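I have placed the structure first, in the form of structure tokens, so that the comments after it can refer back to it.
The values are calculated or read from the model by the stated rules, or taken from the named source; none is laboratory data. Worth saying up front: this structure is predicted, and the values here are computed from it rather than measured. Heads up, the Cβs are rebuilt from the backbone with ideal geometry, glycines too, and the neighbour counts pull from every protein chain shown. Areas reflect the complete protein model, heavy atoms only, side chains present, ligands, DNA and RNA absent. Shrake-Rupley method; radii C 1.70, N 1.55, O 1.52, S 1.80 Å.
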Amino acid sequence: MRGRPSVKTYLRPAVAMPGQPLQVEVVLASRSETPIDYVETTLRGTARMQVGRYGSWMPLVEQRARHGRRVLGKGEHRFASRFDVPVELPPTYRGAVAWVEYTLDVHVSIPWWPDRRQSFALPVGASPRDPAPTPQVLVSSLEGPRGSAPFFEIALESSTVEIAGVLAGAVSVSNTRDATIRGVDVVLVARESSMKSSFVHEVPRWRWRIHDGHPEEGRSLPFRIAVPRDLQVGFATPVFGVSWVLDVVADIVWGFDARMRAPLTLVPASEQRPRGQGAGARWVAPVGRERRAVTWSRVAETHGMVNDAAEERMSASVGSASLVVWTQQRGASGLYWVATLKWEPLGIELHAERRSWTNLLSSNRIDLGKSRGAAKLTARAREEAQGRAVLADGAIEAMAVFDEAVVTDDGAVLASRARAETLAQLDAFVTSAVVAAQALALGVARVPPPRTMAAFVPAWRTFASRLGGQLHYGSMRIASTSFGPEAVEVETLWKGPDSVEGTAVRVRLSPPLEAEMDLESPSTSAEARQLAKTIAQSSRSVRLGPSALEALVDGPLEDPATVEPVLQNLSALARSIRGVPQPGPFR
């Protein structure tokens, strides 16, 4: 009497691989003689996505192998078939809302008797992928830290990672002053994305804590993690796709967690590497302070500047000016690069800055011309010719590239948003700062004397040379290293373009007095009183301390040598205050 045989299947290999043949052997065990019309084996594959009541599916493969009519005697009967597995097939996958399933369906057709139908799950593996390392560095934003949001930097040893291999890299978190952080985690997330809509379902699969507590600002936090074996590679089907990302999460107390995402490519484990043996550690790019230190060092070396990596500061001398480049955190405005320039005060009442409605009505405005840079700036000075000398066309165009630019009598401040501090970005800022510094230093060096004192320059230059000092033409000021043993200055004091208040003759006191001299005090010597009286008789006013002894005489002076007696008396008074014996006549 005929009966339905039992069915077994044997696979070679045990896991089907795309692009390789699959040998299937169907074994029928019959308990009686049974005629059959055929034995058909069908390889089927389906991709399916289901979200609530809505879903879609699509067949991926369907191949058949058939063996014809015969009579099964008692015992086992073997039917061998070969299937060519398409190279583009995705692997078997069981996710949260998406699946890829393969089956081997066996149909034994028995005439005039119920057929035997049996279905077997068929595992399909992932196509081999190139495990070559792909180092990667990512930042939260190329605009750098902004507002109160933590700023992340991630460096991966490789964004292509073998399953059962090692995921290694480093993380830094900065701009955390407004958040209290419990710790920093890395999370491996599977993303199931619909190909027919924008729907994405994310499944956090594994989470590791790489740092407990609030991270130090910009500190590099390295990690090295064994990738679990039960993960699946990313792939795409006509219905859905699977991809992997690594989330770096700052676990914030009393607030929403901050995170940054890095894409990953998971590839099958290497067959050449023994099970459980990971690849050797490779170089991981520096992040946070370490990356910035390298960046600052390289940029400083390129421009011949002195670098202080710990303070993120570099400096150089440019002509008569000193240049310092540094970073400044400006709260919600974010991080800025700032270049400060310092030079000897010009004494021309110079002020130039970005044009705004608040400075359009300022007095003594300078006509900067009609260039594109001039349209962005506004400037004023006591005399236009002096201001124009500093703010020549080269200086104006160099200043215009910065987000902020301010030039005053004794220096300049140039600033731009720091963004992510990449090598190219920092180098571009420093290059612009050096160009601006060179242009401004040239301008400072060519400042002409005030027009009302232009004819007096030879006499002033001669007296400055006698004192071993330097003549600053902008305000007609002599800064001297010494008059005898004392440091002295002669400076024209201005009230306007052609109006002089007088000439200040001063001797610097080192160390300074605790307060101005009290000529009525019993502690003041008779010699000091007499010198002070003599100075007052030849001056309009006198200021005796605490940082300098100063006499104001009439001006402008055609020849500053006429105040040499006043300088001698002021110097003698300074020595008397310190109790130093008076020397012979100064020559």
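Applying a threshold of 6 Å to beta carbon distances and a minimum spacing of six or more residues, or different chains, the list of pairs starting in the range 435-446 at a residue that is without any contact (Cβ under 8 Å) to a residue 60 or more places away in the chain and ending at one that is surrounded by fewer than 20 Cβ atoms within 10 Å (Cβ to Cβ) reads A439/G394; G443/A392. If you go through the range 233-241 one residue at a time, do you hit one that is more than 24 Å from L89 (Cα to Cα) and crowded, with 19+ Cβ neighbours inside 10 Å? Within the range 233-241, none of the residues are more than 24 Å from L89 (Cα to Cα) and crowded, with 19+ Cβ neighbours inside 10 Å. Taking every residue in the range 203-231 that is under 24 Å from G144 (Cα atoms) and pairing it with any residue that is open to solvent by 20 Å² or more (accessible area, probe 1.4 Å), at least 6 positions away or on another chain, the pairs with Cβ-Cβ distances below 6 Å are G218/R289; S220/E290; L221/I210; L221/H211; F223/I210. Scanning the range 161-214 for residues that are open to solvent by 40 Å² or more (accessible area, probe 1.4 Å), over 26 Å from the mean Cα position of the chain (by Cα) and among the β-branched types (V, I, T) returns V166, V200. Of L28, L72, L60, all but one fail to be in contact (Cβ under 8 Å) with a residue 24 or more places away in the chain, buried (at least 16 other Cβ atoms within 10 Å of the Cβ) and either within 30 Å of F235 (Cα to Cα) or touching a helix residue (DSSP H, G or I) at 6+ places or on another chain (Cβ under 8 Å) (or both); the exception is L60.
Output the residue which, of all residues in the range 521-562 that are polar (S, T, N, Q), touching a residue at least 12 places away in the same chain (Cβ under 8 Å) and in a loop (DSSP other than H, G, I, E, B), is surrounded by the fewest Cβ atoms within 10 Å (Cβ to Cβ). Even if it seems obvious, please write down each step before you answer.
Let us first name the residues in the range 521-562 that are polar (S, T, N, Q), namely 521, 523-525, 530, 534, 537-539, 541, 547, 562.
Narrowing further to those that are touching a residue at least 12 places away in the same chain (Cβ under 8 Å): 525, 534, 538-539, 547.
Then drop every residue that is not in a loop (DSSP other than H, G, I, E, B), which leaves 525, 538-539, 547.
Numbers: S525: 12, S538: 14, S539: 22, S547: 14.
Ranking the candidates gives S525 first.
Restricting attention to the range 502-515 and to residues that are surrounded by 12 or more Cβ atoms within 10 Å (Cβ to Cβ) and among the charged types (D, E, K, R), the residue that is farthest from P556 (Cα to Cα) turns out to be R508.
Across the range 428-450, the qualifying residues are those that are in contact with a helix residue (DSSP H, G or I) (Cβ under 7 Å, 6 or more places away or on another chain) and open to solvent by 50 Å² or more (accessible area, probe 1.4 Å), and the one among them that is farthest from V338 (Cα to Cα) is R446. Among the residues making up the range 91-111, those that are open to solvent by 10 Å² or more (accessible area, probe 1.4 Å) and in a loop (DSSP other than H, G, I, E, B) are T92, G95, A96, V97, P111.
Yes/no per residue for (1) surrounded by 17 or more Cβ atoms within 10 Å (Cβ to Cβ); (2) closer than 29 Å to L471 by Cβ; (3) at pLDDT 90 or above:
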position: N359; (1), (2), (3): no, no, no
position: E383; (1), (2), (3): yes, yes, yes
position: A395; (1), (2), (3): yes, yes, yes
position: V413; (1), (2), (3): no, yes, yes
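Say we look at the range 156-178 and pick out the residues that are in a loop (DSSP other than H, G, I, E, B) and of a type in the set (V, I, T); which of these is modelled with the highest pLDDT? Give the derivation first.
Within the range 156-178, the subset in a loop (DSSP other than H, G, I, E, B) is 157-159, 163-165, 175-178.
With the extra rule that they be of a type in the set (V, I, T), the set shrinks to 163, 176.
Numbers: I163: 92, T176: 88.
Selected residue: I163.
Being within 40 Å of the chain's Cα centre (by Cα), farther than 26 Å from H201 by Cβ, open to solvent by 20 Å² or more (accessible area, probe 1.4 Å) and modelled with pLDDT under 95: is that true of P114 here? In short, no.
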